Amino acid sequence: MHSLRFRLILNNLFPLLLVLPVVGLLLVYLLETQGIVATVARDLTRQAVLVADTAGLQTGIWVDPKSAQAFLARVSPRLSARVMLLDTGGRLLVSSDPADNGAIGKILYAERYDPILNPEADIRYDQSTVKDVIVPVLRSDGLLLGFVRLANPLSSIYERSLQLRQVMFWVVGLGLLLGVLLGWGLANDISRQIQTASQAVTGLATGQSLFVLDESKSPSEISQLYRAFNTLALRLINLEENRKRLLANLVHEIGRPLGSLQSAVQALSGGAHRNQALRGDLLEGMAGELHRLNNLVGDLAIQHDLLSGTLMLSREQTVVSEWLQKITETYREEALSKGLHWECTIPSGLPVLSLDADRLTLAIQNLISNAIRYTPSGGKVCIQ
């Protein structure tokens, strides 16, 4: 597949590709009609006039074919054109080209000569091309002896160039048609792929079902766009699956302590508060479940900050010894009630630090709570 850059360059150059052949053909046409034709007509006329002036001094060549042939044999090698001598009626007397011998006696110039109306030279054209130049030959007293005809030696070349020009027009026309079809196809392909990407982004923005775009059949630039969209779509799909999984876990994690708290409240409301030992167990259990809920809320807050990228720390000067002492005291009774040996050593000379006490409290509480939860009865929890 062509790259998008190549397609855009082709579309931008297409008007230039369309104009240049037309301008070239127009210049060639003007050069042929205005430059070459005028030059050929001028040169042939000058040569014909010189031959006519020379032939006018030799009257014998107009009545003696051998003298006429000898005259052309002397003159024609110095000329680039084919030379013919015509009588006053326009019949061919002799030609420098042996191929014209079959036309001797035939009328090749049917125009009547009028020294007043006719010009000195009659230039005849064939499809904007000089065919031949005919100049009257006059005697010194003004009597018409005949005509000198010079045929354009390039006439056959002009005929071929005309055919080549027609072929060139066809080639240019077909090329332009193919260029139009190619440009339209490339533009339509680019438009279709960009429209596909636009529809996918619109569907993503409006919450419609996500789908992956095919990157294999697109230009490199469109493939990069598709790849970026696919990466974003897959991330959103993963985030949606994680969200559903998280909600399911939250329902489970919150439902269990809430159920325990509801059972304890119902028991106390039913008269369990009269039993001192039972009331203590219920209150201790409720405190533990509330503590677990508090830890769960802290974990959720940390995860939210990490995922959203908005973790903001509120630092303040904190006496580390006093701060740690307050945290650990709340877990001592929980560890002892589970039958664990509790050992906590916090030196009083710890430094004063700039820290976010609330967030670090959640982290330390998670560590101590996990130590108590996963240490079997009779084990030891040591904090140093």
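Quick grid of which residues meet (1) at pLDDT 65 or above; (2) of a type in the set (Gly, Ala, Ser); (3) open to solvent by 60 Å² or more (accessible area, probe 1.4 Å):
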site	(1), (2), (3)
Leu17	no, no, yes
Leu27	no, no, yes
Gln34	no, no, yes
Arg42	yes, no, yes
Ala48	yes, yes, no
Ala55	yes, yes, no
Ile61	yes, no, no
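Of the residues that make up region 219-231, is at least one modelled with pLDDT under 75, within 25 Å of Leu186 (Cβ to Cβ), out of contact with any Asp or Glu (no Cβ under 8 Å at 6 or more places or on another chain) and not in a helix (DSSP H, G or I)? First the steps, then the outcome.
Residues of region 219-231 modelled with pLDDT under 75: 219-221.
Filter again for within 25 Å of Leu186 (Cβ to Cβ), leaving 219-221.
Those left that are additionally out of contact with any Asp or Glu (no Cβ under 8 Å at 6 or more places or on another chain): 219-221.
Filter again for not in a helix (DSSP H, G or I), leaving 219.
Yes; the residues of region 219-231 include at least one that is modelled with pLDDT under 75, within 25 Å of Leu186 (Cβ to Cβ), out of contact with any Asp or Glu (no Cβ under 8 Å at 6 or more places or on another chain) and not in a helix (DSSP H, G or I).
Among residues belonging to region 359-384 that are basic (Lys, Arg) and open to solvent by 80 Å² or more (accessible area, probe 1.4 Å), point out the one that is nearest to Glu284 (Cα to Cα).
Pass one, region 359-384, residues basic (Lys, Arg): 359, 373, 380.
After this cut, where a residue has to be open to solvent by 80 Å² or more (accessible area, probe 1.4 Å) as well, the list is 373, 380.
Details: Arg373: 15, Lys380: 21 Å.
Checking each candidate, the answer is Arg373.
Pick from region 277-320 the residues that are modelled with pLDDT of 70 or more, open to solvent by less than 90 Å² (accessible area, probe 1.4 Å) and not in a helix (DSSP H, G or I): which of them is nearest to Ser354 (Cα to Cα)?
Here the answer is Thr318.
Would it be correct to say that Glu215 is open to solvent by less than 80 Å² (accessible area, probe 1.4 Å) and either modelled with pLDDT under 75 or not in a loop (DSSP other than H, G, I, E, B) (or both)?
Details: open to solvent by less than 80 Å² (accessible area, probe 1.4 Å): yes; either modelled with pLDDT under 75 or not in a loop (DSSP other than H, G, I, E, B) (or both): yes.
Taking the combined requirement at face value, the residue satisfies it.
Is there any pair linking a residue in region 337-362 that is over 26 Å from Thr375 (Cβ atoms) and without any contact (Cβ under 8 Å) to a residue 40 or more places away in the chain to one that is open to solvent by less than 40 Å² (accessible area, probe 1.4 Å) and assigned to a strand (DSSP E or B), with Cβ under 6 Å and at least six apart or on different chains, and which?
Leu353/Thr318
Would you confirm whether any residue within region 343-358 is at pLDDT 85 or above, open to solvent by 70 Å² or more (accessible area, probe 1.4 Å), out of contact with any Leu (no Cβ under 6 Å at 6 or more places or on another chain) and within 18 Å of His291 (Cβ to Cβ)?
For region 343-358, residues at pLDDT 85 or above, open to solvent by 70 Å² or more (accessible area, probe 1.4 Å), out of contact with any Leu (no Cβ under 6 Å at 6 or more places or on another chain) and within 18 Å of His291 (Cβ to Cβ): absent.
Against the condition modelled with pLDDT under 80 and on the phi < 0 side of the Ramachandran plot, how does Leu367 come out, does it pass?
On the way: modelled with pLDDT under 80: no; on the phi < 0 side of the Ramachandran plot: yes.
So Leu367 does not fit the description; no.
The values are calculated or read from the model by the stated rules, or taken from the named source; none is laboratory data. Everything numeric in this text was worked out from a predicted model, so none of it was measured. Positions of Cβ are generated from backbone atoms using ideal geometry, with glycine treated the same way; all protein chains shown enter the neighbour counts. What goes into the accessible areas is simple: the full protein's heavy atoms, side chains included, and nothing from ligands, DNA or RNA. Shrake-Rupley method; radii C 1.70, N 1.55, O 1.52, S 1.80 Å.
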